[in-house]
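Heads up: the structure comes next, in structure tokens.
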Amino acid sequence: MSGPLILAIESSCDETGIALVEGGRRIHANVVASQVAMHAATGGIVPEVAARAHLRWILPVLDEAMATAGVTIADVDAVAVTHGPGLAGSLLLEGHLYAAWLLDPGRDEAPEPLFPLVALIVSGGHTFLVEMRDHLDYRLLGQTVDDAAGEAFDKVGRLLGLGYPGGPAIQKAAEAARHHDAVFPRAWLGDTLDFSFSGLKTAARRIVDGARADEGLGVDPVERLPDARVADLAWGFQDSVTDVLVTKTIRAARAAGARSIVLGGGVAANGALRARLSEEAEPLGTPVVIPRPGLCTDNGAMIGAAAARRYAAGERAGLDLDARPSLPLARR
Ligand code: KG4
């Protein structure tokens, strides 16, 4: 073993994830039971329902993780749980950052992010640009002033009749687009590194209503727009979000003299965003580190990666540890 073996538990949102991670990088097991299908029925997460599902799943997920890793509890050096910060229900920011250090089984080496780095964390609850000069050393460069990027994907997915979660569905629809000329607005917020997506959502409603009127459809969402039209609109929306996210991340990386750019959070699973960020970072010569999609959405392994750094720094908690939605992580 190189470094402590951490049993990491992530259950702060709608996934029950348990992982065994060695030395903050090497994944021995990473089991995720997702409630996404269950929440699709209600169009979003109902906290009480989510909590009951975690109770039902946590022991089977634990057993599977231990069996996959081939270890017993006696082999485990520390147990880590997500307890903050963020909004209640999405307490995962640091985990999403540290997903960039993870190595899948069988992958012995992959370049480690280098400091200073700039990270864009985009999920259903977060849109953060963060600078890290060292481990556990965060400076907040910018954040959303209203909706999170993932929230915008989910809301516009619903508007387009694509269901929940909207992100993967919009990406899939956009891949089928034949006209790449749908223009959705971009909120630049001057020279700041902050983001705003609520105007985009309102504009999307107006654009979708216009398209429906064009097609002779009423307001009843049961009558869906033709797939070709949905595809073009999905592309236009996705292009607007990725344009703003990538432009600001590159600007921040230049200003910080970043040696790596990290992308994380559920929206980092988006193919167009991944491709565009890599493309625009190339002239800077700054490597972009993006976990594979399964490590971008909520999982236990990323909590194990973050926990290893806190464990090394001597941090310990008792069994009275409680969730702290407003735990400060980064300050401006
Ligand atoms: O990090 P995550 O699993 O959970 C939290 O919100 O903490 O992120 C979920 C979010 C959802 O809003 C979902 O629509 C979005 O990530 N997402 C995507 C994609 N896959 C997931 N957004 C755009 N493109 C995707 N491929």
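The values are calculated or read from the model by the stated rules, or taken from the named source; none is laboratory data. Everything numeric here is computed off the predicted structure, so don't read it as measured data. Reconstructed Cβ throughout: ideal geometry from the backbone, glycine too, with neighbour counts over all protein chains shown. These accessible areas exclude ligands, DNA and RNA; they are computed on the full protein's heavy atoms, side chains included. Shrake-Rupley method; radii C 1.70, N 1.55, O 1.52, S 1.80 Å.
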Notebook entry, point to check: Once the Cα atoms of helix 166-175 and of the chain are each reduced to a long axis, what angle between those two axes, in degrees from 0 to 90 to the nearest 10, is obtained?
Noted result: 60 degrees
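Take peptides 100-110, 19-29 and line them up by average Cβ neighbours within 10 Å, highest first, as a rough protection proxy.
Working: 100-110: 14.7, 19-29: 23.4.
Order by mean packing, descending: 19-29, 100-110.
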Item checked: Computed over region 106-293, Kirkwood Rh from alpha-carbon pairs, angstrom -> 17.2 Å
Next item on the list: Using only protein heavy atoms and a 1.4 Å probe, report how much of GLU48 is accessible, in Å² to the nearest 10.
Entry: 120 Å²
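What is the calculated FRET efficiency for ARG107 to VAL145, with r their C-beta to C-beta distance and R₀ = 45 Å, to the nearest 0.05? Before the final figure, lay out each step's value.
Details: r = 38 Å, r/R0 = 0.85.
The pair ARG107/VAL145 has a calculated efficiency of 0.75.
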Check: Tell me, what % of the accessible area of region 106-293 is carbon and sulfur with a 1.4 angstrom probe?
Finding: 52 percent
Notebook entry, point to check: Taking the Cα atoms of region 135-222, what is the range of coordinates along each of the three principal axes, in descending order and whole Å?
Noted result: 53, 26, 25
Item checked: Average Cα contact separation per residue, region 106-293, under 8 Å, 6 or more apart, as relative contact order % -> 28 percent
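Can you tell me the accessible area per residue over the chain, all protein chains present, probe 1.4 angstrom, in square angstrom? Display every interim value, and only then the final one.
Details: 14980 Å² over 332 residues.
In whole numbers, the chain has 45 Å² accessible per residue.
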Next item on the list: Please determine, in degrees from 0 to 90 and to the nearest 10, the orientation of helix 300-312 with respect to the longest principal axis defined by the Cα atoms of the chain, where the helix direction is its Cα long axis.
Entry: 50 degrees
Next item on the list: With all protein chains present, calculate the accessible area of LYS201 using a 1.4 Å probe and round the result to the nearest 10 Å².
Entry: 50 Å²
Next item on the list: List the extent of the Cα atoms of the chain along each of their three principal axes, largest first, rounded to whole Å.
Entry: 66, 46, 36
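If DNA, RNA and ligands are ignored and the probe is 1.4 Å, what is the ranking of VAL81, VAL219 by accessible area, most exposed first? Don't skip to the end; give the middle numbers.
Values: VAL81 70, VAL219 135 Å².
Largest accessible area first, the residues go VAL219, VAL81.
For the chain, what is the mean residue ellipticity at 222 nm derived from helices alone (per DSSP H run of n ≥ 4: -39500 (n - 2.57); sum divided by total residues; nearest 500 deg cm²/dmol)? Show your work: numbers first, answer last.
Values: 10 runs with 130 residues, N = 332.
Per the formula, -12500 deg cm²/dmol.
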Next item on the list: Quick one: among LEU62, LEU189, LEU319, which has the greatest mean-square fluctuation in a GNM of the chain with alpha-carbon springs under 10 angstrom?
Entry: LEU319
Note to self: Can you tell me the orientation of helix 149-159 relative to the chain, as the angle in degrees between its alpha-carbon axis and the longest Cα principal axis, to the nearest 10?
What the structure shows: 40 degrees
Item checked: Spatial separation of Cα centroids for region 235-296 and region 182-229, in angstrom -> 23 Å
Next item on the list: Extending each Cα 7 Å along its Cβ direction at SER278 and ALA317, get the distance between those two points in nm, one decimal.
Entry: 3.5 nm
